[in-house]
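Trainee: The structure is given below, and queries will be raised subsequently.
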Amino acid sequence: MLHCSAGDLNAAGTNIVLMTEKPSDSNASADSTRTAGGVEDRIEADGSPESFDSLEYEVVTPPVLVIGAGAAGARVAIELAESGVEPLVIGKREHGDAHTTWAAGGVNAALGSLDPEDDWTVHTADTLTEGHHLNDPAAVELMARAMPDRIRELADWGMPFDRTDDGDIDQRYFGAQSYRRTCFVGDRTGEAMLDTLIGRVRELEVPHRENVMITRLLSDGDRVDGAIGFDMEAGTGLLFRTNHVVLAAGGFSALYHRHSSREDENNGDAQALALEAGARLMDLEFVQFHPTGMVGDRYGEEWDGRLVTEAVRGEGGRLYNADGERFMERYSPDQMELDARDVVARAIAREVREGRGTEEGGVYLDITHRDAEYVRERLPSMVERFESLGVDITAESMTVAPTAHYTMGGVDIDFRTGETGVEGLYAVGETVAGVHGANRLGGNSLAETVAIGQRVGDHVASVVTETDVDPDVTDGQRALAEREFRALRALAASDGSVSPTRLLSDLGELLWDHAGILRDEAGLRDGLTELESLRARTTDLRVDGGLTSKSFEYAVDLSMALVVAEAMLRAAIERTESRGAHYRTDVPETESDWRMNLVLAADTEGVSISRRGVADPSPPVREALNEGYELDYHHLE
Ligand SMILES: Cc1cc2nc3c(=O)[nH]c(=O)nc-3n(C[C@H](O)[C@H](O)[C@H](O)COP(=O)(O)OP(=O)(O)OC[C@H]3O[C@@H](n4cnc5c(N)ncnc54)[C@H](O)[C@@H]3O)c2cc1C
């Protein structure tokens with residue numbers, strides 16, 4: 001195994017030098033400061049935004065730094081460790097506590113436990129159809145081919161999948177899938193998967209650090225030499241100097257007012273960090289609105305937007321409007337409630353807009369026709385959650401409305417390697433774009449994390465050399481880090497009158513109103529104008545509690561969120577058609593000429609957008625597409 005060279009070893013086994021230094025003013029002209037108004041506001045000054053007597057920071061030099069300890073980061077780390085490379089894995093929370101734990105319904109793999117006709121070609125075809133053919137077909141194929149092995153491997157590592165009476169891994173229906181393909185652990189699949197992966201990470205003794213937030217990648221635009229951040233508990237700076245950085249820091253659906261993510265996860269850190277470091281982003285206009293988020297006073301504000309798993313519909317749940325009509329019969333008579341997420345979400349939005357919604361602005365989701373014991377067994381978390389709110393879902397309906405859930409867009413990578421085009425920087429998981437196209441098939445996100453994570457880990461392990469162990473830290477790299485630390489401390493000392501939470505909340509409203517399920521050019525342009533006003537308000541920011549406070553974390557989040565929100569609005573304006581999750585009421589048709597990805601790169605003006613054609617699927621997948629597989633909902637009844 002490649003290890004860091006000798007030095008003071010911390011608990012994570014990495015080489016750490018602790019230093020206290022005067023702020024350096026070297027290399028000042030090329031550096032930058034951080035304001036909540038954006039990731040990068042160039043300053044000409046050679047002095048710091050605020051003067052500090054000393055700067056205390058650690059220098060850590062792992063051969064590979066994995067930013068993110070969700071399923072994607074953990075799977076990359078396992079592959080690296082099994083290949084003899086010892087990475088350092090970091091996350092913003094405690095080890096084993098990442099957004100992945102919220103995934104509920106399941107993970108896709110064409111195992112054919114119940115439907116032997118299923119195979120990787122049909123899995124790929126379903127994914128491309130659901131993605132409205134904007135997916136990278138080779139990436140989808142790679143995932144679908146790999147998944148049966150990845151699931152068996154997880155089972156070997158102890159993941160307690162639900163089983164059939166014959167002892168096979170059980171599989172359920174998920175929306176828009178031709179066969180029962182979704183493997184599950186009740187309705188707590190993500191938690192079980194991350195527990196299993198982290199268990200394996202621990203077995204392999206992979207070093208990790210908790211409560212670390214990366215705020216900038218060490219990059220000259222062409223190559224990445226590490227990352228800069230801070231210890232969220234100690235409030236001290238961290239300079240990670242490494243030749244290989246894997247970005248696995250999640251997506252950005254929490255930028256919306258109504259969303260199913262945790263409040264402090266999925267704020268676009270990964271995409272902002274990558275863009276700023278010189279990488280390209282892709283498909284940012286495609287945000288998945290899940291049809292069934294909790295809504296209404298009876299659940300309380302804290303539950304607003306929280307997901308009611310698709311497994312409820314997969315197990316037979318039905319949607320009714322306030323008139324008692326099973327309205328999906330009008331929108332999708334064959335696939336009904338199990339049609340694609342974009343179709344069901346738009347149908348609910350239309351019912352509500354046309355006055356057939358509930359008082360709370362939703363519709364009813366009902367599974368009471370199923371035997372109560374069956375519901376308790378298959379949907380234990382849902383039963384428990386609603387019970388804690390005084391609602392028995394085996395006997396009464398839930399009230400639901402669409403909620404921002406997943407971001408198909410992200411960093412543009414080569415799926416065979418995870419490479420981003422910036423040397424030394426790789427990306428994986430919800431951080432990236434390409435597998436899901438214009439709309440994600442439920443259960444494919446967890447699949448992507450492990451299938452592509454294994455692949456990326458394997459590639460990175462193959463390029464790490466002895467010289468990557470304990471790399472040197474140059475004066476320029478120190479200067480850049482010190483400048484970032486001073487900027488962060490200045491941000492932490494902001495004493496204006498508006499809180500980061502207020503601004504994040506206003507940003508959420510803005511995106512919900514202007515870049516929501518239904519959008520048009522005028523609304524999107526208004527959104528950009530409002531975004532500028534919001535950015536201006538960041539000059540009056542107030543951070544309470546300093547570097548270790550939640551307020552400060554949110555201020556950093558805000559700086560990244562604004563970058564991603566602007567890129568997203570611009571991409572949504574650029575795509576003058578409707579496709580998948582991007583529905584433009586002013587251009588409602590899908591245009592064949594638009595079978596292209598929008599690729600975004602940072603430039604002197606902000607972001608530039610270019611178009612790129614999508615490759616064609618391989619012959620066996622084309623054959624599966626021509627077969628026209630489709631779920632016939634009614635045979636489930
Ligand atoms: C409610 C809900 C239910 C879902 N159900 C399913 C399902 O049933 N099936 C399915 O396939 N998918 C599901 N998904 C989607 C799926 O959970 C995610 O897409 C997937 O878990 C993403 O994994 P990840 O490893 O890429 O990112 P995450 O799990 O989000 O991990 C990101 C990691 O990066 C760290 N990080 C972030 N920013 C920084 C930073 N600046 N510095 C340092 N570290 C950072 C975080 O702390 C975390 O460790 C669901 C999503 C939600 C919200």
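Trainee: Pairs under 8 Å by beta carbon, first residue on the phi < 0 side of the Ramachandran plot in the stretch 307-325, partner among the acidic types (Asp, Glu) and at pLDDT 95 or above, six or more apart or different chains?
Mentor: Filtered contacts from the stretch 307-325: GLY317/ASP366; ARG318/ASP366; LEU319/ASP366; TYR320/ASP366; ASN321/GLU351.
Table: residues versus (1) in a loop (DSSP other than H, G, I, E, B); (2) within 14 Å of the ligand (Cβ to nearest atom).
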{"residue": "ARG298", "(1), (2)": "yes, no"}
{"residue": "THR309", "(1), (2)": "yes, yes"}
{"residue": "GLY316", "(1), (2)": "yes, no"}
{"residue": "ARG330", "(1), (2)": "no, no"}
{"residue": "PRO333", "(1), (2)": "yes, no"}
{"residue": "VAL344", "(1), (2)": "no, no"}
{"residue": "ALA349", "(1), (2)": "no, no"}
{"residue": "VAL352", "(1), (2)": "no, no"}
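Trainee: For the stretch 364-395, what are the residues that are within 21 Å of GLU301 (Cβ to Cβ) and either outside any helix (DSSP H, G or I) or β-branched (Val, Ile, Thr) (or both)?
Mentor: In the first step, residues of the stretch 364-395 are kept if they are within 21 Å of GLU301 (Cβ to Cβ); the result is 364-365, 381-382, 384-391, 393.
Scanning the stretch 364-395 gives TYR364, LEU365, LEU389, GLY390, VAL391, ILE393.
Trainee: Further question on the same structure: Among the residues of the stretch 270-289, is any among the basic types (Lys, Arg), more than 14 Å from the ligand (Cβ to nearest atom) and modelled with pLDDT under 95?
Mentor: To start, the set of residues in the stretch 270-289 that are among the basic types (Lys, Arg) comprises 280.
Filter once more, keeping what is more than 14 Å from the ligand (Cβ to nearest atom): 280.
If we keep only those that are modelled with pLDDT under 95 too, we end up with none.
No, there is no match, as no residue in the stretch 270-289 is among the basic types (Lys, Arg), more than 14 Å from the ligand (Cβ to nearest atom) and modelled with pLDDT under 95.
Trainee: Here's something else I'd like to know. Might you check whether a residue that is in contact (Cβ under 8 Å) with a residue 40 or more places away in the chain, in a helix (DSSP H, G or I), within 9 Å of the ligand (Cβ to nearest atom) and out of contact with any Leu (no Cβ under 6 Å at 6 or more places or on another chain) occurs anywhere in the stretch 107-128?
Mentor: No, there is no match, as no residue in the stretch 107-128 is in contact (Cβ under 8 Å) with a residue 40 or more places away in the chain, in a helix (DSSP H, G or I), within 9 Å of the ligand (Cβ to nearest atom) and out of contact with any Leu (no Cβ under 6 Å at 6 or more places or on another chain).
Trainee: Let me ask something else about it. Those residues that are buried (at least 20 other Cβ atoms within 10 Å of the Cβ) and aliphatic (A, V, I, L, M), I need them from the stretch 574-603; list them, please.
Mentor: ALA581, LEU598, LEU600, ALA602
Trainee: Looking only at residues in the stretch 306-339 that are under 21 Å from the mean Cα position of the chain (by Cα) and surrounded by fewer than 24 Cβ atoms within 10 Å (Cβ to Cβ), which one is farthest from THR182 (Cα to Cα)? Full working, then the answer.
Mentor: First pass over the stretch 306-339, keeping only residues under 21 Å from the mean Cα position of the chain (by Cα): 306-311.
Restricting the remaining residues to those that are surrounded by fewer than 24 Cβ atoms within 10 Å (Cβ to Cβ) gives 306-307.
On the way: ARG306: 21, LEU307: 18 Å.
So the residue we want is ARG306.
Trainee: Among the residues of the stretch 162-176, are any within 25 Å of HIS290 (Cβ to Cβ), within 10 Å of the ligand (Cβ to nearest atom), crowded, with 17+ Cβ neighbours inside 10 Å and among the polar types (S, T, N, Q)?
Mentor: Within the stretch 162-176 (the criterion being within 25 Å of HIS290 (Cβ to Cβ), within 10 Å of the ligand (Cβ to nearest atom), crowded, with 17+ Cβ neighbours inside 10 Å and among the polar types (S, T, N, Q)), the answer is no, since none of the residues qualifies.
Trainee: State yes or no: is ALA138 buried (at least 24 other Cβ atoms within 10 Å of the Cβ) and closer than 23 Å to ASP283 by Cβ?
Mentor: Working: buried (at least 24 other Cβ atoms within 10 Å of the Cβ): no; closer than 23 Å to ASP283 by Cβ: yes.
So ALA138 does not fit the description; no.
Trainee: Among the numbered criteria (1) in a loop (DSSP other than H, G, I, E, B); (2) touching a Ser or Thr at 6+ places or on another chain (Cβ under 8 Å), which one does GLY96 miss?
Mentor: Here GLY96 clears every test but (2).
Trainee: Something else now. Would you mind telling me which numbered condition in (1) within 30 Å of THR358 (Cβ to Cβ); (2) more than 12 Å from the ligand (Cβ to nearest atom); (3) under 14 Å from the mean Cα position of the chain (by Cα) GLY434 fails?
Mentor: (1)
The values are calculated or read from the model by the stated rules, or taken from the named source; none is laboratory data. Treat the numbers as computed from the prediction; the structure is a model and nothing was measured. Every residue, glycine among them, receives a Cβ derived from its backbone with ideal geometry; neighbour counts consider all protein chains shown.
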